[in-house]
1. Hey, could you check segment 19-50 for residues that are of a type in the set (Gly, Ala, Ser) and surrounded by 21 or more Cβ atoms within 10 Å (Cβ to Cβ) and say which is nearest to Ala231 (Cα to Cα)?
2. Within segment 126-164, which residues are part of a helix (DSSP H, G or I) and either touching a Cys at 6+ places or on another chain (Cβ under 9 Å) or acidic (Asp, Glu) (or both)?
3. Starting from residues that are touching a Ser or Thr at 6+ places or on another chain (Cβ under 8 Å) and under 21 Å from Gly325 (Cα atoms), keep the ones in segment 210-246 and report whichever is surrounded by the fewest Cβ atoms within 10 Å (Cβ to Cβ).
4. Do any residues in segment 106-130 that are over 20 Å from Pro88 (Cα atoms) have Cβ atoms under 7 Å from those of residues that are modelled with pLDDT of 90 or more and open to solvent by 70 Å² or more (accessible area, probe 1.4 Å), where the two are at least six apart or on different chains, and which pairs are they?
5. On the basis of being surrounded by 16 or more Cβ atoms within 10 Å (Cβ to Cβ) and assigned to a helix (DSSP H, G or I), does Ile55 make the cut?
6. Please go through segment 75-101 and give me each residue that is without any contact (Cβ under 8 Å) to a residue 60 or more places away in the chain, outside any loop (DSSP other than H, G, I, E, B) and closer than 30 Å to Phe6 by Cα, ordered by number.
7. Within segment 23-74, can you find the residues that are closer than 28 Å to Val142 by Cα, touching a residue at least 40 places away in the same chain (Cβ under 8 Å) and in contact with a helix residue (DSSP H, G or I) (Cβ under 7 Å, 6 or more places away or on another chain)?
8. State all residues of segment 13-46 that are touching a strand residue (DSSP E or B) at 6+ places or on another chain (Cβ under 8 Å), among the charged types (D, E, K, R) and not in a strand (DSSP E or B); if no residue qualifies, say none.
Amino acid sequence: MATVTFDHVTKKYGDVTAVHDFNLEIGDGEFMVLVGPSGCGKTTNLRMIAGLEEISSGTLRIGDRVVNDVPPKDRDIAMVFQSYALYPHMSVRDNLAFGLKLRKVPKADIDKRVKDAGGILSLDKLLDRKPKELSGGQRQRVALGRAIVREPAVFLMDEPLSNLDAKLRVQTRAEIARLHQRLQTTTVYVTHDQVEAMTMGSRIAVMSDGLLQQVGTPQALYDQPLNRFVAGFIGSPAMNFVDVAMSGSDGATKLTAEGEAITVPLPPRFREAVGVTEGRKLVAGFRPEHMEIGENGSIGARIRANADVVEYLGNEELLHVNAGGRDVVAIVGSEHRVKPGDVLDFTVPLEKLHLFDAESGKALTSTRQAAAAVS
């Protein structure tokens with residue numbers, strides 16, 4: 001096993017910068033997820049680790065060794081691609097063993113590794129089948145097995161679940177998580193699906209436009225996003241955003257939104273960060289799951305809205321509502337039995353509100369976060 005370190009790594013294609021000044025240290029045995037929209041540079045980073053892309057500038061290390069100019073075959077990595085890339089004329093057994101045969105691993109060792117991988121991935125009864133005789137999930141497990149038998153220092157996975165249906169994706173997601181817990185091999189996993197990132201990663205690196213936006217545990221990214229992009233990307237459905245402006249003076253500073261459908265008090269923990277600049281433009285953010293129907297007795301944002309679309313999900317309802325001309329999404333318990341056209345009053349507790357600078361998109365730091373940073 002090994003660490004993977006990006007030290008000011010940049011990748012350019014002509015005049016286009018795909019990855020800009022990327023810095024990240026992936027710990028030994030860690031499951032790191034690179035997540036972001038298409039074209040953000042996450043797969044480029046993975047391919048640079050694999051040696052499939054040259055680094056324009058900066059340093060990349062696997063363990064203590066700089067690998068900028070090391071050929072892929074000598075990097076001690078194994079990669080699982082989005083496509084299964086199995087040899088159709090070979091059995092599962094031969095697919096698993098092929099890479100080891102090329103490396104001239106002794107036959108007894110090959111047989112042992114193939115048997116062990118088959119047991120780990122429940123492939124032991126499928127070893128004599130051809131890929132065409134397997135389901136999509138079984139083929140993906142063979143692709144994983146081919147990486148496992150290599151016993152590499154680092155696993156690289158490039159959206160390995162994107163070709164699977166929804167139910168199989170959830171199942172395979174759990175299998176990969178169990179596999180990592182068992183093997184404890186350093187893993188770098190690329191996906192555009194933030195649900196995969198949140199459920200699988202020890203830590204998550206969020207990227208946008210070739211830039212690293214934030215790195216942290218799933219809970220840290222969910223609770224304390226550093227900017228509006230991360231806040232909107234992490235969480236499903238996405239966070240709601242409302243433009244607000246500061247008003248009031250003489251210690252009575254408050255936030256106001258256009259119209260009367262939404263009222264947003266200034267959370268006390270942000271008073272110092274907000275200051276007293278009259279008319280300053282801010283963005284208030286709140287997650288759909290934090291919207292509560294009715295007044296719960298606590299001080300919070302008040303939202304009056306008309307229900308447009310109701311998506312019944314069994315134990316809860318996903319509501320698309322209109323509040324003063326704004327589209328807002330809420331998640332409430334199905335016992336409310338909301339119908340399209342209903343007029344609803346929501347409350348969002350102050351402790352669940354986020355504030356962002358309207359121009360830079362940066363999150364305002366609460367007094368509690370600032371104290372934690374100092375300590």
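The values are calculated or read from the model by the stated rules, or taken from the named source; none is laboratory data. Just so we're clear, the structure is a prediction, and the values are computed from it rather than from any experiment. Cβ coordinates were reconstructed from backbone atoms using ideal geometry, including for glycine residues, and neighbour counts include every protein chain displayed. Remember, those area values only see protein heavy atoms, side chains included, never the ligands or the DNA or RNA. Shrake-Rupley method; radii C 1.70, N 1.55, O 1.52, S 1.80 Å.
1. Among them, the one singled out is Gly36.
2. Within segment 126-164, just Glu133 meets the criteria.
3. So the residue we want is Ala245.
4. Within 7 Å, the pairs are Ile110/Lys101.
5. Against the criterion (surrounded by 16 or more Cβ atoms within 10 Å (Cβ to Cβ) and assigned to a helix (DSSP H, G or I)), Ile55 does not qualify.
6. Those that are without any contact (Cβ under 8 Å) to a residue 60 or more places away in the chain, outside any loop (DSSP other than H, G, I, E, B) and closer than 30 Å to Phe6 by Cα: Gly99, Leu100.
7. Within segment 23-74, Phe31, Val33, Leu34, Val35, Gly36, Ala50, Glu53 qualify.
8. The answer is Asp28, Glu30, Lys42.
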